[in-house]
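A.B. asks: There's a structure below that I have some questions on.
The values are calculated or read from the model by the stated rules, or taken from the named source; none is laboratory data. These numbers were taken from a predicted model, which means no experiment stands behind them. In this analysis, Cβ positions are derived from the backbone assuming ideal geometry, glycine residues included, and neighbour counts consider all displayed protein chains. Quick note on the areas: whole protein, heavy atoms, side chains included, nothing else; ligands and nucleic acids left out. Shrake-Rupley method; radii C 1.70, N 1.55, O 1.52, S 1.80 Å.
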Amino acid sequence: RRGGIFAAVAAAAGLTAACMTNAGPPRSGAMAEGARQCFLPSQVNGFHALDRDTVHVMVGANDVYQLELFGNCPEVDWSQRVGIRSTGGGSWVCNGLDAELVVPSPLGLQQCQVTSIQQLTEEQARAIRAAHGD
């Protein structure tokens, strides 16, 4: 009988944790000021490497974020695709330490730590999307 109750409690806790991770971005100082600085890696639909340590990622229909990488990521400016992995313990990426870029290379996957994230203005985002045909 105790096993059944434990299983039900564990299932409820897991469901609650799953709902909390994707319910919305965490509230931070930037969020309190009205600036939406968080995104879900699953909503990234494109990227453009400016160089080996700066990448623009397109999120949803209109948003563009500039990611600064720790050191440089040698294959990022040659890659046709990248992945973004959340490392902050939740699903949302809100600052540099919350994410890493995963970049395919001839020697396997490179993991490039993101050090800062900045959401570009609507005007900057439009210009970048237009320049790259997105």
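A.B. asks: What's the Kirkwood radius of region 60-134 in Å, using all Cα pairs?
C.D. replies: 13.4 Å
A.B. asks: Probe 1.4 Å, all protein chains in place: accessible area of His132 in Å², nearest 10?
C.D. replies: About 90 Å², rounded to the nearest 10.
A.B. asks: Roughly how many nanometres apart are two label points built 7 Å out from the Cα toward the Cβ at Trp78 and Gln124?
C.D. replies: 2.9 nm
A.B. asks: Quick check: the distance between the Cα centres of region 83-134 and region 50-77, to the nearest angstrom?
C.D. replies: That distance is 5 Å.
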